[in-house]
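The values are calculated or read from the model by the stated rules, or taken from the named source; none is laboratory data. A quick note: this is a predicted structure, and the numbers were derived from the prediction, not measured. Cβ placement follows ideal geometry from the backbone for every residue including glycine, while neighbour counts extend to all protein chains displayed.
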């Protein structure tokens with residue numbers, strides 16, 4: 001897998017040299033996909049509720065993809081965080097590399113289990129991610145190991161927020177993330193990796209890279 005990064009004030013665009021397997025919670029083409037592009041777009045926050053008429057986020061993202069004439073499938077996220085918070089950390093051992101890309105802000109920090117802002121099942125809400133993370137690796141991952149990667153990213157994020165003493169304004173307890181985080185995992189066709197948890201080297205690399213990238217990003221966004 002080879003990739004290139006384009007960073008502007010408005011978005012981060014990562015292009016892959018060939019379609020890669022990806023699993024994500026992204027707004028545009030989330031779930032399990034083969035993707036040629038990853039996109040993270042800066043949008044205005046609406047914390048005071050000044051705006052009530054929103055274009056569907058996936059439509060906004062697709063319009064940008066079409067305008068840029070990027071060919072192939074694109075997985076896209078949104079964030080209220082500044083692109084100046086963008087950080088990436090790369091680690092490599094034994095022919096396997098991991099690179100983590102992060103944008104972040106914690107203005108809507110939450111702890112898992114906090115009272116939800118939206119009280120109805122499937123109620124429409126503005127899904128704009130605040131801590132957006134992409135993990136890319138040249139390793140060949142199974143479906144199960146890609147899910148395990150999501151778990152490791154979430155744990156590393158929670159550990160970082162705990163160490164930085166970021167608190168949820170909802171409960172006053174240490175936050176584990178924000179209310180609108182999004183994560184994506186992209187893998188290549190390199191060495192096979194079946195396990196990505198805390199007992200194995202890949203999991204150690206993934207957690208360290210995720211923690212470091214988020215820590216550096218939050219240091220910028222404060």
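Candidates 192, 156: the one that is closer than 27 Å to residue 15 by Cα and out of contact with any strand residue (DSSP E or B) (no Cβ under 6 Å at 6 or more places or on another chain) is 156. Exactly one residue out of 161, 173 is more than 21 Å from residue 26 (Cβ to Cβ) and surrounded by fewer than 15 Cβ atoms within 10 Å (Cβ to Cβ): that is 173. Evaluate region 136-144: report whether one residue or more is more than 18 Å from residue 30 (Cα to Cα), at pLDDT below 95 and either in a strand (DSSP E or B) or out of contact with any helix residue (DSSP H, G or I) (no Cβ under 8 Å at 6 or more places or on another chain) (or both). No, because not a single residue in region 136-144 is more than 18 Å from residue 30 (Cα to Cα), at pLDDT below 95 and either in a strand (DSSP E or B) or out of contact with any helix residue (DSSP H, G or I) (no Cβ under 8 Å at 6 or more places or on another chain) (or both).
Among the residues of region 14-36, the ones that are surrounded by fewer than 21 Cβ atoms within 10 Å (Cβ to Cβ) and assigned to a strand (DSSP E or B) come to 11 in all.
Which of the residues that make up region 167-178 are in contact with a helix residue (DSSP H, G or I) (Cβ under 8 Å, 6 or more places away or on another chain) and closer than 21 Å to residue 80 by Cα? Selection gives 175, 176, 177. Based on this model, can you work out whether residue 201 counts as more than 19 Å from residue 104 (Cβ to Cβ) and over 14 Å from the mean Cα position of the chain (by Cα)? Against the criterion (more than 19 Å from residue 104 (Cβ to Cβ) and over 14 Å from the mean Cα position of the chain (by Cα)), residue 201 qualifies.
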